[in-house]
Amino acid sequence: MTVHLLDSISFSNVCNLKWDEVYNLAQNGTLRLQRPDFDVELQRRHDIDSEVELLDWMDSTNISNNHDDFISAICKGIQEKQIDFEIGCEGVYNLIELCSVGYWEAWEARSYLYFEKILGIKVVNIEELYAKEIWNDLIEKVTEITPQEYSEIVIMRFN
């Protein structure tokens, strides 16, 4: 499981660029200027790798849209059957990766255990972890505790 900490301003700025603007900026190595500062407590791809992943994805699609913003071009590509939904999601994921201050990775099973401890709940089915309510509760709880309290909850109180 990978959890990205998305910079909403960076994401919005890039989403508002036209498809060909995103492509040209990534191709000439200046799309990285839209990236937020890296949080050293997290992990993140190198700037060039994020740009290349996005370019490779864009090249793999049949989208050639100069008029619409990036997200609208993806949506139109899906509607017009130029790409399927999953391919469209890959493009959005590449953009999220580019616009994140970093990400945190954990095995799904370990996340399951951590989330139960943090939220004080018992999860019956791992699919519950992907429910919007769980993520809303988790975001709220994590912002209320310090990193030390988090460590105590998921490590020290683990029984």
- Please identify every one of the GluC sites (Glu not before Pro) in segment 1-104 that sits in a loop by DSSP and has no more than 12 other beta carbons within 10 Å of its own beta carbon. Glu41, Glu80
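With +1 on the Cβ of every Lys and Arg and -1 on the Cβ of every Asp and Glu, and nothing else charged, how large is the dipole of the chain about its Cα centre, in debye rounded to the nearest 20?
With only Lys, Arg, Asp and Glu charged at Cβ, the dipole is about 220 debye.
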- How far is helix 47-60 tilted, in degrees, relative to the longest principal axis of the Cα atoms in the chain, given as a value from 0 to 90 rounded to the nearest 10? 60
- How big is segment 101-158 by the Kirkwood estimate over distinct Cα pairs, in Å? 12.0
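Near His4, within a Cβ-to-Cβ distance under 12 Å, what is the net charge of the other residues, with Lys and Arg +1 and Asp and Glu -1?
Net charge in that neighbourhood comes out at -2.
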- Between the DSSP loop rule and a limit of at most 15 other Cβ atoms within 10 Å, which chymotrypsin sites (Phe, Trp or Tyr not before Pro) in segment 1-90 are left? Phe38
- Query: With contacts defined as alpha carbon pairs under 8 Å and 6 or more residues apart, what's the relative contact order of the chain in percent?
  - Reply: 31
- Task: Determine which lysines satisfy two conditions relative to Lys76: a Cα distance under 21 Å, and not lying fewer than 8 residues away in the same chain.
- Result: Lys18
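How large is the dipole of segment 61-102 about the Cα centre if only Lys and Arg carry +1 and Asp and Glu carry -1, each at its Cβ, rounded to the nearest 20 debye?
For segment 61-102, the charge dipole is close to 80 debye.
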- Item | Among Val22, Val101, Val40: highest mean-square fluctuation, GNM of the chain, C-alpha pairs under 10 Å | Val40
- If exposed means trypsin sites (Lys or Arg not before Pro) lying in a DSSP loop and surrounded by at most 10 other beta carbons within 10 Å, then the longest stretch of the chain lacking such sites spans residues 1-80
- Asp68/Trp107 FRET efficiency (R0 25 Å; Cβ-Cβ; nearest 0.05): 0.05
- Note on the structure: Out of Ser100, Ser111, Ser50, a Gaussian network model of the chain with alpha-carbon springs under 10 Å gives the largest mean-square fluctuation to Ser111
- Under a point-charge model restricted to the Cβ atoms of Lys and Arg (+1) and Asp and Glu (-1), what is the dipole moment magnitude of segment 106-156 relative to its Cα centre, in debye to the nearest 20? 120
- Message: Please compute the Kirkwood hydrodynamic radius of the chain from all pairs of different C-alpha atoms, in Å with one decimal.
- Response: 17.5
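FYI, it's all coordinate maths here, none of it is from the lab. If you're wondering where the values come from, they're calculated on a predicted model, not measured in any experiment. Virtual Cβ from ideal backbone geometry, glycine too; neighbours counted across all protein chains shown.
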